[in-house]
Amino acid sequence: MLQITKMLSAACCLLAACSVYAMTWDEPWHEEVVRTADSLALAQILQNDGEQVRAKLVKQLAGASVPAEFVISEFSLLRLTSMTAGHEPRFGLREGGTYYLFLKQGKKAGAWALPTPTTGYAVLDKDEVTAT
């Protein structure tokens, strides 16, 4: 019994010493994503460094006009519930990919925003749409 207790104590110490990066947020309902969007656009992702995305407009579908090339650098509905220091939310859009985007005009001039890192877009791949 004493041996098991020592092993469990050692395992707990090892786990506590490991670095853990975690972040959670409240996902908005799809209705809120659509209702709060300023624009719906089909765009191709030109560049994504995780912190901002540069995209080329393929087709304007609804709402406010989006420039021929634009930058997404913000999240409009991101409500963080936990975050590890040094681990910021990142854009997961694939370079070269084509997406339907629910965009909101950003707080910075000329910038656009997606609702969260995992909402507000749907992938268009070989004429099939995969929504988030």
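Figure legend. Inter-residue proximity from the stretch 22-33: first residues small (Gly, Ala, Ser), second residues open to solvent by less than 90 Å² (accessible area, probe 1.4 Å), beta-carbon distance below 7 Å, spacing 6+ or different chains. Indicated pairs: 22/82; 22/84.
Residue-level check: of (1) small (Gly, Ala, Ser); (2) touching a Gly at 6+ places or on another chain (Cβ under 8 Å); (3) without any contact (Cβ under 8 Å) to a residue 40 or more places away in the chain, residue 109 misses just (2). When only residues in the stretch 113-132 that are in contact (Cβ under 8 Å) with a residue 60 or more places away in the chain and part of a strand (DSSP E or B) count, which is most open to solvent (accessible area, probe 1.4 Å)? Among those residues, the one meeting the criterion is 124. Among residues of the stretch 71-111 being aliphatic (A, V, I, L, M) and open to solvent by 70 Å² or more (accessible area, probe 1.4 Å), the one that is farthest from the chain's Cα centre (by Cα) is 109.
The values are calculated or read from the model by the stated rules, or taken from the named source; none is laboratory data. Note that this is a predicted model, so its numbers are computed, not measured. Every residue, glycine among them, receives a Cβ derived from its backbone with ideal geometry; neighbour counts consider all protein chains shown. Ligands, DNA and RNA are stripped out before the accessible areas are found, and what is left, the full protein with its side chains, is counted by its heavy atoms. Shrake-Rupley method; radii C 1.70, N 1.55, O 1.52, S 1.80 Å.
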